[in-house]
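All remarks here apply to the structure that follows.
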Amino acid sequence: MLQAQDAPRFDVDGDLAEVDRLVRAAQPFIIEEGARDAFRAFAESVTMDRFADVFGDRPWRVQSCKRGIFEPEIPFYEQTEEMPFTGFLDRMREPHETQQHYLNLWPGPNMDYAQPLFDELRALGPKIALTNYKNQELRVFWLGGAGTITPLHYDTYARSHGVVHGEKLFMLFPPDFRHLRLLQPYPVRSNTGWYSTVGAGPLDPALFPRLAKTRPVRALCGPGDFLYLPPCWWHHVSIPSKPTISVSATFYPKAAYFYYYHWRLRFSRWLARHPRLLNLSNGKLG
Ligand SMILES: O=C(O)CCC(=O)C(=O)O
C-alpha cells in the first residue's frame, strides 16, 4: 500500500484562519461542511432520483473506457458511449465489470429543463466556506459508481471539489521536479502530456516501484467534505465503495503561472494543434 500523509481537515464552524495561509502556500486541505444546514438541504434535494427525474431517458454521451487501461493516444475524457441517462444511473448503482462509465455534467446548450438543478448548485457556492472564498462558482456535477478511477494527471488551475453523496479518494502529489521525474508523464509531444504513465488503475507500489519514493497527500472525502486541490498538483481520484455525486468549482490563482508544469501543459496543448511542428521536431521534444 502507498504510504501517504493525510490532508489537514478543518471544521467549517471552527477557526479557519489557517485556510488562507494554505491557499497561498498552495497546499491541499479539506473543509468539513457536512453539518451545516445549507449543505444538508442541498444533499437532500440533489440525489440520484432527482437526476433520474430531471434527465429521464434522454440519450447521453458518457465517458466509457476499459477499466485500468489508459490509451495515451486517446485522452480519457474523449472515450465515450451513448446511453439513456437512466441507463447510466443503473451503471452507477451496478458498475460494469470491465468497462468504466463516468460523467461530469455542466449546463450546456438546450438544457433549460435542467436549469433549476444547476441553479441550486450555483446558489450553494456562496454558502460554502471554500467556494465562497474568492467567489469560486460551483458549476460541475460528477457522477460515478464504485471502482471509478480518474487516472493520475495534473491541471493548471486549482479546484474546489466537494462530495455530496458517497466517497472519493484523492491521492495528491506536489508539482515539483522530483515528482515530475518519479511520475513520468507522457511526452510533451502527445495528446496526453499532463497524464502520468503510472496510475490508470490503482496506485500500487508493487506495480510501479517508483511510487514508493513519492510523498503523496491522501484526502478521503465523504459527504460534506470540500477539498482544495492547488494548481498543478498531480491527482489520482477513485470512488472506493458506493455511487458518488460530487461537485466542483475552478479557481485560477496567479501563482499557477510560476509552475514549470503549467507551461509544460500549455506547450503540449499548443503542439497538439500544430502537428506539422511535431513532425519537424522528429520526436526530439520529450
Ligand atoms: O473527481 C474526479 O474523478 C476527477 C476530478 C479532477 O480531475 C479534477 O477536479 O480536476
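Quick notes on this one:
- Taken over the chain, lysine pairs spaced eight or more positions apart, or on distinct chains, with alpha carbons under 24 Å apart number 6.
- Look at where the Cα atoms of the range 1-70 and of the range 171-199 average out, and the two centres are 24 Å apart.
- Separation between Cα centres of the range 204-238 and the range 243-258, rounded to whole Å: 15
- Max mean-square fluctuation residue, GNM over the chain, Cα-Cα springs under 10 Å, options I74, I149, I30: I74
- Candidates W106, P116, I74 compared by Cα position along the dipole of the chain: farthest toward the positive end lies I74, with charges placed on Cβ.
- Counting only Cα atoms, the range 206-253 measures 33, 33, 12 Å along its principal axes, largest extent leading.
- Computed on the range 1-151, the Cα convex hull volume stands at 166 Å³ per residue.
- Rounded D (µm²/s) - the chain, Kirkwood Rh over Cα pairs, Stokes-Einstein at 37 °C, 0.692 mPa s: 166
- Relative contact order for the range 194-286: 19 percent, from Cα pairs under 8 Å spaced at least 6 residues apart, divided by residue count.
- GluC sites (Glu not before Pro) restricted to the range 57-117 and DSSP loop, no more than 15 other C-beta within 10 Å: E73, E97
- Cubic angstrom per residue, convex hull over Cα atoms of the range 167-269: 118
- Assigned charges on the beta-carbon of Lys, Arg, Asp, Glu; the chain dipole about Cα centre (debye): 1560
- With contacts taken as Cα pairs under 8 Å and at least 6 residues apart, the range 1-40 reaches a relative contact order of 44 percent.
- Across the range 54-211, the relative contact order, built from alpha-carbon pairs under 8 Å that are at least six residues apart, equals 24 percent.
Since every read-out is calculated from the coordinates, none of them should be taken as a lab result. On a predicted model such as this, the values are computed, not experimentally measured, just so you know. Cβ coordinates were reconstructed from backbone atoms using ideal geometry, including for glycine residues, and neighbour counts include every protein chain displayed.
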